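The values are calculated or read from the model by the stated rules, or taken from the named source; none is laboratory data. All values reported here derive from a predicted model rather than from experimental measurement. Cβ sites come from the backbone with ideal geometry, for glycine too, and all protein chains shown count toward neighbours. Protein only, heavy atoms only, side chains kept; ligands, DNA and RNA dropped before computing areas. Shrake-Rupley method; radii C 1.70, N 1.55, O 1.52, S 1.80 Å.
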Amino acid sequence: MSLWDAILGRQTLPKANTEKLFAISTAQVTLEVDLRLKSAGKAGICFKPVGSSDFADVGQELEELLHAGASASNTKARAAKDSFGFQWVVLEDEDFEDLVVGLHLTFQTLEEKGFGSQLLSAVFKFGDADGRPAYWIYNYKRGLFYPFVPTSQGHERDNPAELHMRSVMEKELPIDPQLERWFPMWDMPL
């Protein structure tokens, strides 16, 4: 932070550590064995929409990168928008590590092009033995994960399931200790 930022009361967010995203690759075995969560083969990055032509150019470059990588890894990529107006890059691949690498590549590309401030989160979709969805959300700004388990009752959460997921995974993933920052993400295009 510069002297002028301090005087004017502006804060500079620290650069996110996207390398922490790779922790979920090594945690996959524990997710499957201890929590009985299996990857749904879908993941995505959520970001705030930007209307600039620069962003359209980055979107085109990102699409080309993802499609080039997809030919080597069979990862499918698509752009989507949720009901709240946020933009998404959604990846689909049965190989979980390819999903993680694809999301990391997307984060890096957007950061390098100056859109790091627009990035919000990465989301990994899982399913339990009964087919109910469960998600691990990587908060881009904080560099931490947290669980999100919606119920079938509209916009309600299964808080006991989320706390159980945290207790099992806290040694494997950098989990956000502040529960009030475990924001629900409804109507995801995953």
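What dipole magnitude, in Debye to the nearest 20, does the range 150-190 give about its Cα centre under +1 on Lys/Arg Cβ and -1 on Asp/Glu Cβ?
Numbers: 4 positive and 8 negative charges, 15 e Å.
Using Cβ point charges on Lys, Arg, Asp and Glu, the range 150-190 gives about 80 debye.
Which links in 42/171; 20/171; 48/171; 20/125; 48/113; 81/171 stretch past 22 Å when you go from one Cα to the other? Before the final figure, lay out each step's value.
On the way: 42/171 24 Å; 20/171 13 Å; 48/171 31 Å; 20/125 18 Å; 48/113 15 Å; 81/171 34 Å.
From the list (42/171; 20/171; 48/171; 20/125; 48/113; 81/171), the Cα-Cα distance tops 22 Å for 42/171; 48/171; 81/171.
Give me the 1.4 Å probe accessible area per residue for the range 69-144, excluding ligands and nucleic acids, in Å². Could the numbers behind the result be given before it?
Details: 3320 Å² over 76 residues.
Result: 44 Å² of accessible area for each residue.
At residue 141 and residue 30, where each label point lies 7 Å from the Cα along Cα→Cβ, what is the point-to-point distance in nanometres?
2.7 nm
With each pseudo-label sitting 7 Å past Cα toward Cβ, what's the residue 84-residue 186 distance in nm, one decimal?
About 0.9 nm, to one decimal.
Out of the total accessible area of the range 124-190 (probe 1.4 Å, heavy atoms of protein only), what percent is carbon and sulfur? Walk me through the intermediate numbers first.
On the way: 1640 of 3340 Å².
It is 49 percent, rounded to a whole number.
Using only the alpha carbons of the range 69-114, determine the length spanned along each of the three principal axes and report them from longest to shortest in whole angstroms.
If we take the Cα atoms of the range 69-114, the spans are 31, 25, 16 Å.
Is the C-alpha gyration tensor of the range 63-190 telling us rounded, prolate or oblate? Criteria: a/c under 1.5 is rounded; beyond that, a/b larger than b/c is prolate, otherwise oblate.
Working: a/c = 1.62, a/b = 1.49, b/c = 1.09.
Since a/c reaches 1.5 and a/b is larger than b/c, the shape of the range 63-190 is classed as prolate.
With every protein chain present, what accessible area does residue 113 have (1.4 Å probe, heavy atoms only), rounded to the nearest 10 Å²?
90 Å²
Using a 1.4 angstrom probe with every protein chain in place, what is the largest-first accessible-area order of 82, 95, 130?
Numbers: 82 20, 95 70, 130 130 Å².
Greatest to least solvent exposure: 130, 95, 82.
How large, in Å, is the range 146-190 by the Kirkwood hydrodynamic radius built from its alpha-carbon pairs? Intermediate values should be presented prior to the final figure.
On the way: mean 1/r = 0.0881 Å⁻¹.
Kirkwood radius, the range 146-190: 11.4 Å.
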